[in-house]
Amino acid sequence: MAQIKNILVTGGAGRLGNYVCPYLKELGYNVAATDIVAPNRESANVKAKIPFIKADLLDCGELVKAIAFAQADLVIHLGAITGSTELQRPFEERELGPAPSGRSSMWRMEEDTCMKVNTMGTYYVLDACRRMDVKYCIGASSYYAYGQAGQIGGRPITIKSLPITEDHPMEPGDTYSMSKYFGEEMMKAFCRSYDMRCIAMRLMGVFYHDAPFAKFVYKFPVGCPTKNKNGYLDGGFEEHVDSRDIARFIGLAIEKFDELPNAFEAFHVWSCTHFDCETAVAYGAKYPAYGDMVKGIKGYDGLFSIEKARKLLGYEPLYDWKKGTVDYTNEEYEKK
């Protein structure tokens, strides 16, 4: 078992950080948080008395200071811009049409913000770990790195097999998906060069059970579909990962770090699908372009396999509406 006692969490003042930090503290770790903004006084981190160090992801010196303050054995890198920031023409016609996220832009930010913060921020985190001899890092990547979402060009990616496993080819199509892909490549490089061990969490869309906006975005359960406009993967997967399952995954990963077969490992982190029928049936109707490939998805599992996490970490989702551990968010379904 890895000798990890002290943990620093980047993006610690963010929504996900306020689940991860208190959970790890409950497990007995010494946890400190760092972010470019101070935590809200009513946040879970403040209530849990998580120490905070202000630091900018784009300042290696500040990150070194944060690591030194936390005396970190492990850095959990959650800090990021969570979507593409480059502007897109909103009404451009395409034969296939853009993915749902293809038209949206975080127009309040400079257009290079996503690529700069996510890519260089990850580099500086890893370089600060190198300088401070921190051997363990867990980073938040995304299923977007494959290219299934954010395909601004509107072209479907090539699906080799279903369910999608961690060795499936990646075809990123916007700055957010590219930044996550580049982040993983940097983690691999630091593992090769500096005797580090890194885990990339390829997160599905993150659901926060106590956030009103999340209940608006994620509607579950939903009925089994009968058709899909395009018939190919376009980002509307009807599945997610619960923030509490992410915290649980991290706890399991810490325990198993030194037992993993490779210095760098990527894992899908997923909680549940939204359909009230088995996944193969639902996606067979929604994605007819993939034919019999959907039959490889077992039961209510998702498009992205978590068998690797199950086998190597003992991870099993807990927060699933089908298990009764999460309340329905779809009021229309309850009325049926």
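The values are calculated or read from the model by the stated rules, or taken from the named source; none is laboratory data. All figures in this text were calculated on a predicted structure; none of them were measured in a lab. In this analysis, Cβ positions are derived from the backbone assuming ideal geometry, glycine residues included, and neighbour counts consider all displayed protein chains.
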>> Step by step: first the residues of segment 27-66, then only those that are of a type in the set (A, V, I, L, M) and in a strand (DSSP E or B), then the one that is nearest to R15 (Cα to Cα). Which residue is that?
In response: A33
> Are any residues in segment 105-143 touching a Gly at 6+ places or on another chain (Cβ under 7 Å) and either at pLDDT below 90 or not in a helix (DSSP H, G or I) (or both), and if so, which ones?
Replying inline: M106, G139, S141
> Does segment 196-212 hold any residues that are at pLDDT below 95 and over 18 Å from the mean Cα position of the chain (by Cα), and which are they?
Replying inline: D210, P212
> Conditions: (1) of a type in the set (S, T, Y); (2) modelled with pLDDT under 95; (3) touching a strand residue (DSSP E or B) at 6+ places or on another chain (Cβ under 6 Å). T175 meets all but one. Number of the miss?
Replying inline: (3)
> If we scan segment 283-292, do we find a residue that is in a helix (DSSP H, G or I), of a type outside the set (D, E, K, R) and closer than 20 Å to Y136 by Cβ?
Replying inline: no
> Out of curiosity, is K65 under 19 Å from G139 (Cα atoms), charged (D, E, K, R), out of contact with any Phe, Trp or Tyr (no Cβ under 6 Å at 6 or more places or on another chain) and touching a residue at least 12 places away in the same chain (Cβ under 8 Å)?
Replying inline: no
>> Would you confirm whether or not segment 15-24 contains a residue that is under 22 Å from M120 (Cα atoms), part of a helix (DSSP H, G or I) and not aliphatic (A, V, I, L, M)?
In response: yes
> Which of the residues belonging to segment 320-335 are free of Cβ contacts under 8 Å to residues at least 40 places away in the same chain and assigned to a loop (DSSP other than H, G, I, E, B)?
Replying inline: G324, T325
> Can you tell which of M178, M170, M187, M201 is assigned to a loop (DSSP other than H, G, I, E, B) and either in contact (Cβ under 8 Å) with a residue 12 or more places away in the chain or farther than 27 Å from L312 by Cα (or both)?
Replying inline: M170
> Under the condition of being part of a loop (DSSP other than H, G, I, E, B) and without any contact (Cβ under 8 Å) to a residue 60 or more places away in the chain, which residue from segment 305-319 is surrounded by the most Cβ atoms within 10 Å (Cβ to Cβ)?
Replying inline: I306
> Hey, among A38, A99, which residue is at pLDDT below 90 and within 24 Å of the chain's Cα centre (by Cα)?
Replying inline: A99
>> Against the conditions (1) of a type in the set (F, W, Y); (2) under 26 Å from C129 (Cβ atoms); (3) touching a strand residue (DSSP E or B) at 6+ places or on another chain (Cβ under 8 Å), where does F207 fall short? Just the number, please.
In response: (2)
> Does any residue of segment 250-269 turn out to be modelled with pLDDT of 95 or more, touching a Cys at 6+ places or on another chain (Cβ under 6 Å) and among the aromatic types (F, W, Y)?
Replying inline: yes
>> Against the conditions (1) in contact (Cβ under 8 Å) with a residue 24 or more places away in the chain; (2) surrounded by fewer than 22 Cβ atoms within 10 Å (Cβ to Cβ), where does A280 fall short? Just the number, please.
In response: (1)
> For segment 284-304, what are the residues that are surrounded by 17 or more Cβ atoms within 10 Å (Cβ to Cβ), modelled with pLDDT of 90 or more and touching a Leu at 6+ places or on another chain (Cβ under 9 Å)?
Replying inline: M293, V294, I297, L303
> Hey, V241 hits all of (1) in a helix (DSSP H, G or I); (2) modelled with pLDDT of 95 or more; (3) under 19 Å from Y143 (Cβ atoms) but one; which does it fall short on?
Replying inline: (1)
>> Can you find, within segment 259-277, the residue that is farthest from I246 (Cα to Cα) among those that are under 16 Å from the mean Cα position of the chain (by Cα) and in contact (Cβ under 8 Å) with a residue 60 or more places away in the chain?
In response: E265
